[in-house]
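The structure appears below as structure tokens.
The values are calculated or read from the model by the stated rules, or taken from the named source; none is laboratory data. Note that this is a predicted model, so its numbers are computed, not measured. Glycine gets a Cβ as well: all are built from the backbone with ideal geometry, and neighbour counts include every protein chain shown. The protein model used for the area step is the full one, side chains on, heavy atoms only, and it has no ligands, DNA or RNA in it. Shrake-Rupley method; radii C 1.70, N 1.55, O 1.52, S 1.80 Å.
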Amino acid sequence: MPKRSVKTPPPVEERIVPDAVIRELYDKMLHIYYVEERMKVFVKQGKCTFNAPTRGHEKVQAGIPMLLKPGHDWFYTYYREKGVAVSLGMDLKDLFLGMLSRDGDPNSGGVNMPEQWSSRELKLVSQTACTGSQYLPAVGMAKACKENGKGQLVYVSSGEGATSEGEFFEALNWAQRETLPVLFVVQNNGYAISVPQASQTSSKVHRIAEGFGMRAHPLDGTWFEPMYQILPEVIRNIRDGKGPALIECSVVRLESHSSSDDQKKYRSEDELEEILERDPVLLTEKYIVRHQLMTESEIESLRRGIKEKVDQAAEDADSHPFPRHYDVLEHVFSANSPVAEEPDPGFASDHKVSMVQAINRGLREEMERNPKIMMWGEDIGDPKGGVFGVTRGLGEAFPGRVVNAALAEASIVGIAGGMATGGYKPIVEIQFADYIWPGFMQLRNEIASIRWRSDGVWDSAMVVRVAVGGYIKGGPWHSANIESFFAHIPGWYIVYPATAADAKGLIKTAARAEDPVLFLEHKGLYRRMDARTPEPVGDYLVPFGKARVINEGSDLTIVSWGTAAHLSKRVAEQFAEEGSASVEVIDLRTLIPWDQECVFESIRKSSRVLIAHEDTLTMGFGAEVAAMVADECFDSLDAPVGRVGAKDCFIPSAANLELEVLPSVETIRAAAERILAY
């Protein structure tokens with residue numbers, strides 16, 4: 001136990017907290033304390049790769065959940081919150097299984113880092129180790145809670161260092177703007193690893209929240225009375241729909257930042273000695289003794305009993321082997337494919353529609369089918385309906401379900417991720433691919449991994465629609481293709497339609513998928529005449545991973561997608577008109593997954609292949625296709641695998657310079673001729 005030379009706080013004239021609550025609090029804090037003591041042993045034995053001690057934070061982490069409703073409210077914790085898991089009632093053995101990454105770990109099956117807790121029963125959502133990235137999904141979950149109207153709130157917390165992250169500011173803004181039921185808890189121990197708060201911000205954290213118009217309260221997190229006095233009303237106001245609140249709890253970090261840190265290197269002996277006077281465990285014990293709630297012998301007996309219980313749970317967990325379940329790919333995607341078979345499209349009429357119209361009508365049909373679909377993005381509400389008019393009329397048709405978002409891409413996608421975890425189906429828009437990068441932290445680390453990192457317990461089924469591509473004088477900041485970046489992230493489906501019929505069938509499939517979908521819409525094809533088709537009927541769904549042969553041939557296979565599919569088809573038509581070659585053109589339609597069977601079968605027939613795409617040539621997705629072709633079809637090839645892509649350059653603004661960078665009918669034909677002549 002901690003040193004017992006701690007100064008006793010001044011006598012409290014009025015007993016604010018009921019004695020039973022103090023006893024419960026002390027019991028939970030002792031459980032947390034002895035868990036930490038046992039973790040020190042595991043760290044020394046090399047059995048735990050990472051441990052972030054809660055010492056000094058126990059009263060906040062045990063006390064605030066006691067004032068909430070476990071199993072009813074939602075919890076988004078950060079990496080220093082064993083105390084919340086213990087306070088909510090997580091089985092101690094399950095906790096140690098998670099810390100030791102052992103077989104049977106219910107938090108993640110052993111794939112996530114220690115300290116990242118997960119329990120559907122406790123509504124404790126699996127987290128990552130990324131600093132501050134829990135805030136936006138938590139706000140998204142609060143958005144779902146508000147829609148559900150069940151009086152739930154979302155607890156989300158971090159240390160003060162994470163409040164320097166931009167996503168923290170965005171979360172405050174969105175939560176306050178929509179009056180969402182979020183309790184922000186900042187546990188301020190004065191240090192972000194070795195960096196003191198003065199180097200992080202010039203303002204108190206609660207003042208930052210007040211700047212957004214949010215109710216905020218600074219509290220002494222080592223003493224329970226302030227929490228007990230202030231928080232019940234704060235929580236009641238949140239449940240009553242009065243919007244979020246932030247609590248900044250002043251705590252102490254009694255031990256080093258983590259098992260890989262030594263705070264004696266950057267904190268003085270005097271400072272480390274001084275903070276012992278605010279040890280929450282010992283302060284509570286002093287209170288108990290002073291008010292005769294327990295005798296010294298009762299305290300000793302309680303300690304022994306809890307220590308034995310914790311040690312037994314630790315030994316039980318330590319007896320488990322490392323995970324025996326080796327299928328690490330199992331939860332990258334849902335086991336349920338969005339669509340297995342491609343139906344006969346069936347057309348509503350012979351009248352051709354544009355890709356814009358097709359996507360709009362597909363979204364309308366899916367919103368009618370599924371009331372859980374919610375849409376937001378910059379300018380997508382009526383009357384504008386997005387900068388390209390894709391969502392025009394949907395806001396009027398579905399009031400409150402298609403709305404404008406703040407100009408904050410991380411918020412747009414991160415909040416969608418949290419709301420999806422809460423059971424809704426967000427379909428959000430990023431205005432241009434070039435502007436998606438502020439959301440990359442959420443897209444890569446949070447949304448894509450949640451099913452995998454939670455051993456299939458949580459998911460984040462959502463759709464991100466993005467306008468991509470050049471050929472319409474968009475210039476360097478409105479013309480990017482991003483499929484190769486996202487193809488490198490496990491967990492995302494990547495869809496890239498080239499025609500109106502495919503766009504409608506694919507957006508409907510995306511709306512029903514159980515995984516996140518990146519839906520790439522080439523703005524040069526939105527209204528292009530050769531991308532127009534008759535509109536498929538409402539039950540037409542295009543399966544992911546099913547390519548379409550748009551021109552049959554036997555001398556050369558061109559694999560393409562997006563605008564390159566149209567350019568390649570024109571090349572094939574030229575060869576046919578001349579009678580010089582028979583070229584098969586394949587439109588992949590989706591890149592993750594892509595239809596290897598269709599491509600390989602065509603190559604085995606033609607013995608030659610050219611891969612054409614609009615993205616830059618170096619590290620474009622065509623390189624992956626080429627590598628797989630070399631692996632699977634080498635014996636069938638009569639010529640080297642060819643590739644055509646954009647030059648390794650940004651897209652210029654001047655129209656003639658843009659065309660110099662991007663692929664064209666001429667560059668694709670020249671590459672095809674070289675392969676045919678080999």
Using a Debye calculation, one point per C-alpha and no hydration shell, please list log10 I(q)/I(0) for segment 515-608 at q = 0.14, 0.15, 0.18, 0.21 Å⁻¹ in order. -0.58, -0.66, -0.91, -1.14
Of the candidates Val35, Ile436, Val390, the farthest towards the positive dipole end of the chain (Lys/Arg Cβ +1, Asp/Glu Cβ -1, centred on the Cα centre) is Val35
Could you state the angle between the C-alpha long axis of helix 409-421 and the longest principal axis of the C-alpha atoms of the chain, as a value from 0 to 90 degrees rounded to the nearest 10? 70
What nm distance separates the two modelled labels at Ser607 and Val549, each placed 7 Å from Cα along Cα→Cβ? 1.8
If you stretched the chain out fully between Leu276 and Asp635, how much longer would it get, using 0.36 nm times the residue separation minus the C-alpha to C-alpha distance? 122.0 nm
Value of D in µm² per second that Stokes-Einstein yields for the chain, Kirkwood Rh from Cα pairs, at 37 °C (0.692 mPa s): 120
Loop GluC sites (Glu not before Pro), segment 306-405 (other Cβ atoms within 10 Å of the site Cβ: 13 or fewer; DSSP): Glu341
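Any idea what the relative contact order of the chain is, in percent, if you count C-alpha pairs under 8 Å spaced at least 6 apart? Please report the intermediate quantities before stating the final value.
Details: 1461 pairs, mean separation 80.5, N = 678.
That works out to 12 percent.
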Return the lysines within reach of Lys647: Cα separation strictly under 28 angstrom, same-chain partners fewer than 8 residues apart disregarded; answer none if there are no such residues. Lys473, Lys523, Lys569
Taking Cα atoms, the helix 280-290 axis meets the longest principal axis of the chain at an angle in degrees (rounded to 10) of 30
I'd like to check one number: the per residue accessible area of the chain, probe 1.4 Å, reported in Å² as a whole number. 39
Separation in nanometres of the label points that stand 7 Å from Cα toward Cβ, at Arg303 and Val537: 7.7
Got a sec? Charge dipole of segment 276-371, +1 on Cβ for Lys and Arg, -1 for Asp and Glu; which of Ile306, Phe333, Pro280 is way out at the positive end? Pro280
Output the 0 to 90 degree angle, nearest 10, between the alpha-carbon long axis of helix 596-606 and the longest principal axis computed from the alpha carbons of the chain. 20
Could you work out the mean projected area of the convex hull around the alpha carbons of segment 560-648, in square nanometres to one decimal? 5.7
Length gained if Asp19 through Leu67 is fully extended, taking 0.36 nm per residue and subtracting the Cα-Cα distance, is 15.8 nm
Spin-label pair Arg239/Met529, simplified geometry with 7 Å Cα→Cβ offset, distance in nm: 6.5
How large, in Å, is segment 412-523 by the Kirkwood hydrodynamic radius built from its alpha-carbon pairs? 14.2
Can you find, among Pro534, Leu506, Trp492, the residue farthest towards the positive end of the dipole of segment 490-552? Put +1 on the C-beta of Lys and Arg, -1 on that of Asp and Glu. Pro534
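Mind checking the full-extension length gain between Asp327 and Asp648? Use 0.36 nm per residue of separation minus the Cα-Cα distance, one decimal, nm.
On the way: separation 321, 0.36 × 321 = 115.56 nm, distance 3.78 nm.
Contour length minus the Cα-Cα distance gives 111.8 nm.
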Based on the Cβ-Cβ distance from Ser337 to Lys47, what FRET efficiency comes out when R0 is 35 Å, to the nearest 0.05? 0.30
Can you grab the distance from the C-alpha centre of segment 30-98 to the C-alpha centre of segment 428-469, Å, no decimals? 29
Can you give the direction-averaged projected area of the convex hull of the alpha-carbon atoms in segment 451-577, in nm²? 10.0
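Which whole-number percent gives the relative contact order of segment 92-245, counting Cα pairs below 8 Å spaced six or more residues apart? Working shown, then result.
Values: 220 pairs, mean separation 28.0, N = 154.
Across segment 92-245, relative contact order equals 18 percent.
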With a ≥ b ≥ c from the Cα gyration tensor eigenvalues, square-rooted, and the rule rounded for a/c under 1.5, otherwise prolate when a/b > b/c and oblate otherwise, segment 351-398 is oblate
Cα radius of gyration and Dmax for segment 269-377 (Å): 31.6, 88
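Report, to the nearest whole %, how much of the accessible area of the chain belongs to carbon and sulfur atoms, 1.4 Å probe, protein only.
Working: 13210 of 26190 Å².
Whole-percent figure for carbon plus sulfur exposure: 50.
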Any lysines whose Cα falls less than 22 Å from that of Lys372, other than same-chain ones fewer than 8 residues away, would be Lys123, Lys143, Lys146, Lys150, Lys425, Lys504, Lys508
